[in-house]
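The values are calculated or read from the model by the stated rules, or taken from the named source; none is laboratory data. Quantities reported herein were computed from a predicted structural model and do not represent experimental measurements. Cβ placement follows ideal geometry from the backbone for every residue including glycine, while neighbour counts extend to all protein chains displayed. Side chains are part of the model used for accessible areas, which takes the heavy atoms of the whole protein and leaves out ligands, DNA and RNA. Shrake-Rupley method; radii C 1.70, N 1.55, O 1.52, S 1.80 Å.
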Amino acid sequence: KSGTILEGESTGNTIKFKTSAALGNYFYVRFYAIPDEDVTQDGTLQLGVFIKGGKSATFSLPSGYYRVSCLVGDNWYGLDQLFGNDYKTYSGGNAIQSRDGYQNSVSFE
């Protein structure tokens, strides 16, 4: 189901993530907590969300900065194999910030 949390726990501030079907059928998006805006840091996995291409998902992240890693493919094999060997990786050039009192929006279109 689109918007399913497969890793971590959805808590904190609201995040709305929008996808484009033009990029692929399925998205697996991971959010890594980092201490500041430097996205070259690995960070700690906070949340992993499965989203169908062309759909949006709403979930929550604690306040702070996050590096986003987005895997996109046409065939989903589950959390253990993700998309097999047939996928593309997208990463934002900037960290996203989850802030109190805001609905934070992210899109890969």
Test: residue in the stretch 62-70 that is charged (D, E, K, R) and out of contact with any strand residue (DSSP E or B) (no Cβ under 6 Å at 6 or more places or on another chain): no
Only listed residue being over 17 Å from residue 1 (Cα atoms) and out of contact with any Asp or Glu (no Cβ under 7 Å at 6 or more places or on another chain), chosen from 82, 23: 23
Pair list, Cβ < 7 Å and 6+ apart or interchain, from the stretch 25-44 residues that are more than 16 Å from residue 64 (Cα to Cα) and polar (S, T, N, Q) to residues that are part of a loop (DSSP other than H, G, I, E, B) and open to solvent by less than 50 Å² (accessible area, probe 1.4 Å): 25/53
Residues (assigned to a strand (DSSP E or B) and open to solvent by less than 30 Å² (accessible area, probe 1.4 Å)) located in the stretch 65-95: 66, 68, 69, 70, 71, 72, 73
Of the criteria (1) at pLDDT below 95; (2) open to solvent by 30 Å² or more (accessible area, probe 1.4 Å), which one residue 46 fails: (1)
The lone exception for residue 103 - which of (1) more than 16 Å from residue 13 (Cα to Cα); (2) out of contact with any Pro (no Cβ under 8 Å at 6 or more places or on another chain) it fails: (1)
Strands (runs of 3 or more DSSP E) lying entirely in the stretch 1-42 (those with 2 or more residues that are surrounded by 15 or more Cβ atoms within 10 Å (Cβ to Cβ) and modelled with pLDDT under 95): 13-19
